[in-house]
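Let me begin by presenting the structure, written as structure tokens, before commenting on it.
The values are calculated or read from the model by the stated rules, or taken from the named source; none is laboratory data. Computed from a predicted model, the values in this text were never measured in an experiment. Note that each Cβ is placed from the backbone with ideal geometry, even for glycine, and that neighbours are counted across all protein chains shown.
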Amino acid sequence: MNTKKLTRKHIANIIVCSIILLALIVAFICYVHEPRLIQDTNRKPDISFNGTTFDISAKDFVRIVNEDLDKEGLSLISEDYAKDQYGNTVENEKGEEFDFDLVEYTCPINKILELHLFSIPELGDGIAVIQLQSRKTEALTTKQTEQNEAYYRIICDNVEPRFNSEKFNTHIGYHNSCKLDDLLFYYNSTDESLDGEPEHNLYIYGIQQKDLSDKYPLF
């Protein structure tokens, strides 16, 4: 009986060790192949972040980014943007509902790409969320994907030069994200259906405070 118990114990230990070893192998492979998203640079961001929002107006944001877009020969973001303000009711983690206002600036770039800047008045006058939104009924072509990523790269360079957006993979699955200090850089894609419009694909390249979605689950 003692031998039988010892054998079962050995088998259990082998299983546990095998699981741990497998986990270590997977972690090592991920580490080796994970792109290095943080790069060493002494350059300061042109658009400052105070830990909650970006200290800039929509007008100045577009102006600063357009300066770099112009240098790279890309189409400029329209300065003739739409501004909408509306109230929202959301539910927090405790199941309690609360209201907050949201200001959205929609800045056209081309037929399939727009810059959306969101401000939450109770957080101040700054920009809380930066999103490039690309909509198309079919999948993006390689050229369109590269163009979208070029715009995202320029915005990221202005917000946080240490973030290496060129190595940020927007081709795996439908969601990817990276946290750098208090900032969250993310990409996701989904199906969207708006009233009076055919269903299309929505691709979002975003930047915001890393915990913002916990309180404001719209994002």
Item to check | For GLY206: the one exception among (1) modelled with pLDDT of 70 or more; (2) among the small types (Gly, Ala, Ser); (3) in a loop (DSSP other than H, G, I, E, B) | outcome: (3)
Checklist entry - Is it the case that region 160-178 has a residue that's outside any strand (DSSP E or B), within 24 Å of LEU76 (Cα to Cα), of a type in the set (Asp, Glu) and assigned by TED's automatic domain parsing to the domain that holds ASN201? => result yes
Item to check | Selection from region 104-157 of residues that are among the charged types (D, E, K, R) and touching a residue at least 12 places away in the same chain (Cβ under 8 Å) | outcome: GLU104, GLU114, GLU122, ASP125, ARG135, LYS136, GLU138, GLU149, ARG153, ASP157
Item to check | Residue in region 74-87 that is touching a strand residue (DSSP E or B) at 6+ places or on another chain (Cβ under 6 Å), of a type in the set (A, V, I, L, M, F, W, C) and surrounded by 11 or more Cβ atoms within 10 Å (Cβ to Cβ) present | outcome: yes
Item to check | Flag if PHE54 is in contact with a Ser or Thr (Cβ under 9 Å, 6 or more places away or on another chain) and without any contact (Cβ under 8 Å) to a residue 12 or more places away in the chain | outcome: no
Next on the checklist: Looking at region 136-150, can you tell me whether even one residue there is assigned to a strand (DSSP E or B) and either of a type in the set (A, V, I, L, M) or within 22 Å of PHE219 (Cα to Cα) (or both)?
Outcome noted: yes
Next on the checklist: If ASP68 satisfies all but one of (1) surrounded by fewer than 13 Cβ atoms within 10 Å (Cβ to Cβ); (2) acidic (Asp, Glu); (3) under 18 Å from LEU132 (Cβ atoms), what's the number of the condition it fails?
Outcome noted: (1)
Checklist entry - From the set of residues in region 156-179 that are of a type in the set (A, V, I, L, M, F, W, C) and under 19 Å from LEU202 (Cα atoms), which is modelled with the lowest pLDDT? => result ILE172
